[in-house]
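Here is the structure we will look at.
Computed from the coordinates by the stated procedures, all read-outs in this text should not be read as laboratory data. Keep in mind that what you see is a predicted model, and the values were worked out from it rather than measured.
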Amino acid sequence: MVKKDYPDDLSKQIGKDSIYKYIYSERRNLVKTRPSIVEVKGRIGDYEGDMIVGKDKKSRLITNVDRLSSYGLIDRISKTSVIIIHNKLKNRFDKILSSKKHTYTYDNGIEIGKDD
């Protein structure tokens, strides 16, 4: 789109590779801010989360996996919104003992924050 708007001004154009490189470096910086105990998988209760979107773009799974034990939690949702996801995750983690939940790291994909 920028190339279309500014076809002769290379200073206002950016390629997809540069965008992906930026996103990847930002993700790495966010992951680096986790406590060291999370990185070494030294305790139960450090979860990674993601959303899996089906081919039909309507089926969705919200997942959380404990980094140490690989214990997985999966819920199916039919509609995506920040409020629905927040409530689903809150209900999920309210059922887990506080000694078994410490940190949550989520994928930076757009599907988690995107409303239908």
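The phi-based Karplus calculation (6.51 cos²θ - 1.76 cosθ + 1.60; θ = phi - 60°) puts the 3J(HN,Hα) values of segment 89-102 at 5, 4, 4, 4, 7, 5, 7, 9, 4, 4, 6, 10, 9, 10 Hz, whole numbers, x for Gly and Pro. Close amide H contacts of Y106 (hydrogens built in the peptide plane, cut-off under 5 Å, sequence separation of 5 or more or a different chain): G49. At the listed q of 0.11, 0.19, 0.25 Å⁻¹, the Debye profile of segment 32-106, built from one uniform point per Cα, gives log10 I(q)/I(0) equal to -0.30, -0.81, -1.16. Number of Lys-Lys pairs in segment 32-106 with C-alpha atoms under 19 Å apart and a separation of 8 or more places or on different chains: 13.
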